[in-house]
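Structure record follows, encoded as structure tokens.
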Amino acid sequence: MGEFVDELQAIVGGDHVLTDPDMRRSHEVDWTRRYEGTSVAVVRPATTDEVAAVLRCCARAGVAVVAQGGNTGLVGGGVPRGAVPSIVLSMLRFSTLGPVDAEAMQVTVGAGVTMAGWRDHARAAGLDAPVDFAARDSATVGGAIATNAGGSRVLRFGTMRSQVVGVEAVLATGGVVGSLAGLPKETAGVHWPSLLAGSEGTLAVVTRARLRLVPRFDHTVTAFVAVGSVDDAVALLGILRRDVPSLDAAEVVLPAALELVVEHLGRAAPVTTPADGCCVMIDCADSADPTEQLTSALHRAGERGLVVDTAFATDATQRAGLLEFRDRITEAIATVSTAVGSPPLKLDVAVPVSALAELTATAHAAAADDGSQLIGFGHLAEGNLHLNFLDAGDPATIASAVLGRVAELGGTISAEHGIGVAKTPWLHLIRAAEDRAAQQALRAALDPAGILNPGVLAPELRAT
């Protein structure tokens, strides 16, 4: 690989080709510590032309390319794996923030810009970013596009795919595709943002994106509501969606998840939750104070016996305190997993909202059979649960039981984290053979050497 590394250094500079094992290590292990591999090098390009040259170099050498943003992925799709020699293509130097176009409500940013960076840049111009989730300080725009990430505001604004109005990307052959014009009525042929969102780095490497912005609301109220059951949470959601036009987020937290984060934070729980119940965290935002809107809806829910306990927050400090009980669950899980010395099994799934109670029961049964602890939370309005199994004895058996039932319920085995390498064995549950073959044909056409993230989405594809 000596000549190959020399060529990479000639493209991006010697300081940006990391070959020392200690320097590579943080790029070769995923956030969960469950997935890891060894790369030939970590390559850090800074321009689209450099990405194109690196990809052409790798295609000639038969070296796989794993594009990586903030390395916050949870399904092993952003780290190297042992099947073929590979490089990690770190996109963190693509950190440019373009000027905000307030009239179009758009901005062009580099793929390495963090989600928090996008948000803060928009807010400085009096606008806001429509996507938000707990890993905002590390996760990047490019990674969010690659996985079609969601988060808490999908209820109001949709997933990442809905926010990408233009994209620039580099194919495995070194060709550059896409447009950053951001024209709402561009209907000329393939729409690259739609095609690349959710492709997990298997079709092209996103370098820059033109993103939608939304209004910044001056008034926000947050409520943490305990209910008697998951079905009661779904019924509450119906009331909120019908009667609260300012509804910005509706998150669900199962009791064990609340207990875990309460212990992690060293604070009292904001509400008392029945053992068979759950909590719903509600965010409302508008140009006028939405508090009365939300309290009226919760009063109606209370008259139907749906509300057990409620905590409200209106000022920024109080809201931040309540939001921590949702945002820091993943951090609490990581702390416990480190203590027990076993990475958590994370299953990000979604089912029709009406089937959430059945999904929860299936997950509890799988944990009980395995002897592991289930920590569940997620996005209520999308029927999306993040099911975390701590100290799992047989992860494959748990995954088969849960993912199989998800498919039977008409759901998806990945709601926002992607398929990666973790879920490829179960992809057939939700994608027919003809569907998988068509996607494979598209992938082979754009990446004839099979160098882009081999093993992700289609395990039969390998670099040649």
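Averaging over every viewing direction, what projected area does the convex hull of the Cα atoms of segment 104-146 cover, in nm²? Kindly include the intermediate steps, with their values, before the conclusion.
Numbers: hull surface 11.8 nm².
Mean projected area for segment 104-146: 2.9 nm², to one decimal.
Roughly how many debye, to the nearest 20, is the charge dipole of the chain about its Cα centre, given +1 on each Lys and Arg Cβ, -1 on each Asp and Glu Cβ, and no other charges? Write down the numbers at each step before the final one.
Values: 35 positive and 52 negative charges, 177 e Å.
Once rounded to the nearest 20, the dipole reads 840 debye.
Out of the DSSP beta bridges found with both residues in the chain, what percent are antiparallel (nearest 5)? Present the calculation step by step, with values, prior to reporting the outcome.
Values: 61 of 70 bridges.
Within the chain, antiparallel bridges account for around 85 percent of the total.
Test of understanding: ordering His191, His417, His299 by Cβ neighbours within 10 Å, fewest first, what list do you get?
Values: His191 16, His417 22, His299 10.
So the residues, fewest neighbours to most, are His299, His191, His417.
As I understand it, the value is the acute angle between the Cα axis of helix 115-124 and the longest principal axis of the Cα atoms of the chain; what does it come to in degrees, rounded to 10?
70
How high is the relative contact order of the chain, in percent, with contacts defined as C-alpha pairs under 8 Å that are six or more residues apart? Write down the numbers at each step before the final one.
Values: 1008 pairs, mean separation 71.2, N = 464.
Here the relative contact order equals 15 percent.
Over the residues of segment 330-429, compute the C-alpha Rg and express it relative to 2.2 N^0.38 Å. Provide the component values of the computation, followed by the final result.
Numbers: Rg = 12.6 Å, N = 100, 2.2 N^0.38 = 12.7 Å.
In units of the 2.2 N^0.38 Å rule of thumb, it is 1.00.
Among Ile413, Ile282, Ile239, which comes first, second and so on when ranked by fewest other beta-carbon atoms within 10 Å?
On the way: Ile413 22, Ile282 26, Ile239 16.
The most exposed by this proxy come first: Ile239, Ile413, Ile282.
Tell me the Kirkwood radius of the chain: reciprocal of the mean inverse pair distance over distinct alpha-carbon atoms, in Å.
Its Kirkwood hydrodynamic radius stands at 22.9 Å.
If r is the Cβ-Cβ distance from Glu186 to Glu263 and R0 is 41 Å, what FRET efficiency results, to the nearest 0.05?
Values: r = 51 Å, r/R0 = 1.24.
After rounding to 0.05, the efficiency reads 0.20.
What shape does segment 106-215 have by the C-alpha gyration tensor, where a ≥ b ≥ c are the square roots of the eigenvalues, rounded means a/c under 1.5, and otherwise prolate means a/b greater than b/c and oblate the rest?
On the way: a/c = 1.69, a/b = 1.42, b/c = 1.19.
Judged from the Cα gyration tensor, segment 106-215 comes out prolate (a/c at least 1.5, a/b above b/c).
Which FRET efficiency value, to the nearest 0.05, do you get for Glu3 and Glu303 by plugging their Cβ-Cβ distance into 1/(1 + (r/R0)^6) with R0 = 51 Å? Numbers along the way, then the final one.
Numbers: r = 75 Å, r/R0 = 1.47.
So, using R0 = 51 Å, E works out to roughly 0.10.
Let me check I've understood the local charge: for Asp132, count other residues with C-beta under 10 angstrom from its C-beta, Lys and Arg +1, Asp and Glu -1. What total comes out? Don't skip to the end; give the middle numbers.
Working: positive: Arg119, Arg136, Arg153; negative: Asp128, Asp248, Asp283, Asp327.
Charge balance near Asp132 sits at -1.
Hey, could you grab the Kirkwood Rh for segment 219-327? Inverse mean 1/r over distinct alpha carbon pairs, Å, one decimal.
Evaluated on segment 219-327, it is 13.7 Å.
Put a dot 7 Å past each Cα toward the Cβ at Ala235 and Ala124; how far apart are the dots in nm?
About 4.9 nm, to one decimal.
Could you state the orientation-averaged shadow area of the convex hull built on the Cα atoms of segment 14-169, in nm² to one decimal?
Values: hull surface 39.2 nm².
Mean orientational projected area (segment 14-169, Cα hull): 9.8 nm².
I need to check one value: relative contact order of segment 136-284, counting alpha carbon pairs closer than 8 Å and at least 6 residues apart, in percent. Don't skip to the answer; put the middle values down first.
Working: 226 pairs, mean separation 38.3, N = 149.
Result for segment 136-284 is 26 percent.
Label-point separation (nm) for Thr314 and Phe217, each offset 7 Å from Cα along Cα-to-Cβ?
So the label points at Thr314 and Phe217 sit 1.5 nm apart.
Compute the angle between helix 395-408 and the longest alpha-carbon principal axis of the chain, please, reported from 0 to 90 degrees and rounded to the nearest 10.
70
Since every read-out is calculated from the coordinates, none of them should be taken as a lab result. Since the model is a prediction, treat every value here as computed from it, not as a measurement. A quick note on method: Cβ atoms are made from the backbone with ideal geometry, for glycine too, and the neighbour counts reach across all protein chains shown.
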